[in-house]
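Peer 1: Structure in structure tokens, see below.
The values are calculated or read from the model by the stated rules, or taken from the named source; none is laboratory data. On a predicted model such as this, the values are computed, not experimentally measured, just so you know. All accessible areas refer to the heavy atoms of the entire protein, side chains included, with ligands and DNA or RNA removed. Shrake-Rupley method; radii C 1.70, N 1.55, O 1.52, S 1.80 Å.
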Amino acid sequence: MLLFVVPLLGVLWYLNFTTFLKNLKNGKSTHNQNILGVVLTFIFIFAVMYCYAGTH
């Protein structure tokens, strides 16, 4: 399951980043992309640490 979650988070993180850059270039609000980026980063770090803890 974890081998599916981490790449999925990577794809979502990349899509969020490209949307952030597009909105930044067009002068639109980037608040939603900032919050989503923080949440995706937290989930990604949690998943990696969970995987690391599971190896011990």
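Peer 1: Which three semi-axes in whole Å describe the equivalent ellipsoid of the chain, each the square root of 5 times a Cα gyration tensor eigenvalue, listed largest first?
Peer 2: Output for the chain: semi-axes of 28, 10, 6 Å.
Peer 1: Turning to a different aspect of this structure: As I understand it, the value is the acute angle between the Cα axis of helix 31-54 and the longest principal axis of the Cα atoms of the chain; what does it come to in degrees, rounded to 10?
Peer 2: It works out to around 10 degrees.
Peer 1: Over the chain, with the other protein chains present, what is the accessible area per residue in square angstrom, probe 1.4 angstrom?
Peer 2: Each residue of the chain exposes 84 Å² on average to a 1.4 Å probe.
Peer 1: Here's a follow-up. Could you work out how far helix 2-26 tilts from the main Cα principal axis of the chain, as a 0 to 90 degree angle to the nearest 10?
Peer 2: Helix 2-26 sits at roughly 10 degrees to that axis.
Peer 1: Got a number for carbon plus sulfur as a percent of the chain's accessible area, 1.4 Å probe?
Peer 2: 76
Peer 1: Another question about this same structure. Heavy atoms of the protein only, probe of 1.4 Å, neighbouring chains included. What is the accessible area of Val5 in Å², nearest 10?
Peer 2: 40
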